[in-house]
Amino acid sequence: MDSRVSELFGGCCRPAGCGTGGALRGRGGAAPGGGGGSGSKTKKKNGRSRGGKANNPPYLPPEAEDGNIEYKLKLVNPSQYRFEHLVTQMKWRLQEGRGEAVYQIGVEDNGLLVGLSEEEMRASLKTLRRMAEKVGADITVLREREVDYDSDVPRKITEVLVRKVPDNQQFLDLRVAVLGNVDSGKSTLLGVLTQGELDNGRGRARLNLFRHLHEIQSGRTSSISFEILGFNSKGEVVNYSDSRTAEEICESSSKMITFIDLAGHHKYLKTTIFGLTSYCPDFAMLVVSANTGIAGTTREHLGLAMALKVPFFIVISKVDLCSRATVERTVKQLERILKQPGCNKLPLLVNSDDDAVTAAQQFAQSPNITPIFTLSSVSGENLDLLKVFLNILPPLTNSKEQEELMQQLTEFQVDEIYTVPEVGTVVGGTLSSGICREGENLVVGPTDDGKFLRLKVCSIQRNRSACRVLRAGQAATLALGPFDRSLLRKGMVMVSPEMNPTICSVFEAEIVLLFHATTFRKGFQVTVHVGNVRQTAIVEKIHGKDKLRTGEKAVVRFRFIKHPEYLKIGAKLLFREGVTKGIGHVTDLQAITTKENGLEESLGPGQLNF
């Protein structure tokens, strides 16, 4: 698929008509949003003629042992032993979902939608509420659906969200990168979501998001900013309305969405790429203006999200400015691009709360699903549907993967560097692995000559509130006290002194050339992005070939032209230079040894020799 992503960068758009949507609907169970041919196939296969409604397939996928989704036919007056077993089961599902679980009441383990009567459903929900209270969780009914069977008594199934803040952390945190062309309404949408007030049509909502005077004057984002939106255990929005502070939002929320507002203008593309590669977003939100459609950098941002394998959903903004026909034309334009062979996505237009719930669950389970929202930041139309979606959106990693990362040695990526009065030097970034505590001693590097320097973590803040322990996958700022800021730069790592970090100036990567006007040869200079590393590198060798053209693959040897960097084999790589773009992954490192780098001769009192 990667080689076909080049269509999104090269500016050419293949026509639709490849039948992608139909092919995706036929895979593994019912199509998202219900209905479809797969439901009728299931009925025929099992010899059942009891048909549900058109939007209610008679089967869900069979219950999985892992994951945070649990099916229960009924929970009516369980014995004490059975109740304790159910509570233990709920704890497991909450652990799998890192504090969130979804219960489908009225569904058999094989996925058959049986449904319950009104009285049975009331008793089952009462038992579920008792179970949640036992583990310290809250429940929220997401939706109810009637099931038509031969019985004259109306029967229905209920979908319930169970949420509990995990004991070992403050809240569940998801990072969402915001992409889209300049003037598509990205910052305004974030301002409306996080401030709780609609825009006045002239950009008032976005003013609190800007970091520089020239951004306020031009109305264009040029830097990376972070905004938070919280949800409490009952699924209610917690934001800056009612004069809340960031600390109050963190204390009141059991789930936090951190939006990474990126630049839309093409001249700030390197900042946007850095935000996508360095901050490790869980999801991306591509904002498209309804009145201009797919214009400017929209296609390029879509290609970046796909190249870096970041799951994305689409928000069509400014629907209040144009007619319904114009909005529909923009939706069809997006659907046509998403169904191209290079994308192979299945668009899912969200028009109701039920659609939003379905979209959130299907989006996390299948990488092919792409929800599309149409909304207005001025009138507030369909804004609640996006909030429902964000509230239910589950994390991509389960608790087991999180535990494995936490068992490794500490590694923190340095993305931002500040000097704060009365605090000293502060670095911002993401903890890739391990656990970081206040007062911990780490080493930071590599410096320009490949050395690592000792330092101490004085304090930690997450989402502008104090935090004593930082766990793998979490983003935070670390105060380093009197440490000299001039010794730090973006792209460094802070690691445990026990780790033996691999630094290199020369590395090899298997790449796909997404777009290049002529031929890609030895001696070509490109800007390489690998995680939080961003540096110019020169092409030293193309294995097995003299040159590369658009769409071709090869193993290429690069050399950084300025200083060595900390890289890992298998890390995703993206390089660019003008219109030239390519993606790939690191396959080999030519590590710099101690003698090669002259560390033995030049060690100072604050430096470590690896």
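The values are calculated or read from the model by the stated rules, or taken from the named source; none is laboratory data. Quantities reported herein were computed from a predicted structural model and do not represent experimental measurements. Cβ placement follows ideal geometry from the backbone for every residue including glycine, while neighbour counts extend to all protein chains displayed. The protein model used for the area step is the full one, side chains on, heavy atoms only, and it has no ligands, DNA or RNA in it. Shrake-Rupley method; radii C 1.70, N 1.55, O 1.52, S 1.80 Å.
One line per residue, one yes/no per condition, for (1) more than 21 Å from TYR279 (Cα to Cα); (2) of a type in the set (Phe, Trp, Tyr); (3) touching a helix residue (DSSP H, G or I) at 6+ places or on another chain (Cβ under 8 Å):
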| site | (1), (2), (3) |
| --- | --- |
| SER459 | no, no, no |
| ARG471 | no, no, yes |
| LEU480 | no, no, no |
| LEU487 | yes, no, no |
| HIS529 | no, no, yes |
| THR536 | no, no, no |
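Looking only at residues in the stretch 109-124 that are surrounded by fewer than 18 Cβ atoms within 10 Å (Cβ to Cβ) and either within 32 Å of the chain's Cα centre (by Cα) or of a type in the set (A, V, I, L, M) (or both), the one that is nearest to LEU60 (Cα to Cα) is ASN110.
The numbered conditions (1) open to solvent by less than 20 Å² (accessible area, probe 1.4 Å); (2) touching a residue at least 40 places away in the same chain (Cβ under 8 Å); (3) β-branched (Val, Ile, Thr) are all true for ILE460 except (2).
Scanning the stretch 211-232 for residues that are modelled with pLDDT under 85 and assigned to a loop (DSSP other than H, G, I, E, B), we see that the one that is most open to solvent (accessible area, probe 1.4 Å) is ARG211. Report every pair of residues separated by at least 6 positions or lying on different chains whose Cβ atoms are under 7 Å apart, first residue within the stretch 113-141 and of a type in the set (Lys, Arg), second buried (at least 19 other Cβ atoms within 10 Å of the Cβ) and outside any helix (DSSP H, G or I). Here the result reads ARG129/ILE139, each pair linking the stretch 113-141 to a residue that is buried (at least 19 other Cβ atoms within 10 Å of the Cβ) and outside any helix (DSSP H, G or I). Of the listed requirements (1) out of contact with any Phe, Trp or Tyr (no Cβ under 6 Å at 6 or more places or on another chain); (2) not in a strand (DSSP E or B), ASN500 misses just one: (1). I'd like the full set of residues that are without any contact (Cβ under 8 Å) to a residue 24 or more places away in the chain and within 30 Å of the chain's Cα centre (by Cα), limited to the stretch 142-160. Once the filter is applied, which keeps residues that are without any contact (Cβ under 8 Å) to a residue 24 or more places away in the chain and within 30 Å of the chain's Cα centre (by Cα), the stretch 142-160 yields only GLU144.
Annotation: GLY481 fulfils all but one of (1) open to solvent by 20 Å² or more (accessible area, probe 1.4 Å); (2) part of a loop (DSSP other than H, G, I, E, B); the unmet one is (1). Within the stretch 125-154, the set of residues being open to solvent by less than 70 Å² (accessible area, probe 1.4 Å) and basic (Lys, Arg) comprises ARG143, ARG145. Only residues that are surrounded by 21 or more Cβ atoms within 10 Å (Cβ to Cβ) and part of a helix (DSSP H, G or I) were counted in the stretch 301-326, giving 8. Going by the structure shown, is VAL512 assigned to a strand (DSSP E or B) and at pLDDT 95 or above? No.
Which one is most open to solvent (accessible area, probe 1.4 Å) among residues in the stretch 565-588 that are of a type in the set (A, V, I, L, M) and farther than 28 Å from THR518 by Cβ? Step by step, filter the stretch 565-588, then rank; the result is ILE569.
Yes or no, residue by residue, for (1) at pLDDT 85 or above; (2) farther than 18 Å from VAL153 by Cβ; (3) of a type in the set (Asp, Glu); (4) assigned to a helix (DSSP H, G or I):
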| position | (1), (2), (3), (4) |
| --- | --- |
| LYS41 | no, yes, no, yes |
| ASN55 | no, yes, no, no |
| PRO62 | yes, yes, no, no |
| GLU70 | yes, yes, yes, no |
| LEU75 | yes, yes, no, no |
| VAL87 | yes, yes, no, yes |
| GLN104 | yes, yes, no, no |
| GLU120 | yes, no, yes, yes |
| ALA123 | yes, no, no, yes |
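For the stretch 75-97, the candidate set comprises residues that are charged (D, E, K, R) and buried (at least 18 other Cβ atoms within 10 Å of the Cβ); within that set, the residue that is farthest from SER117 (Cα to Cα) is GLU96.
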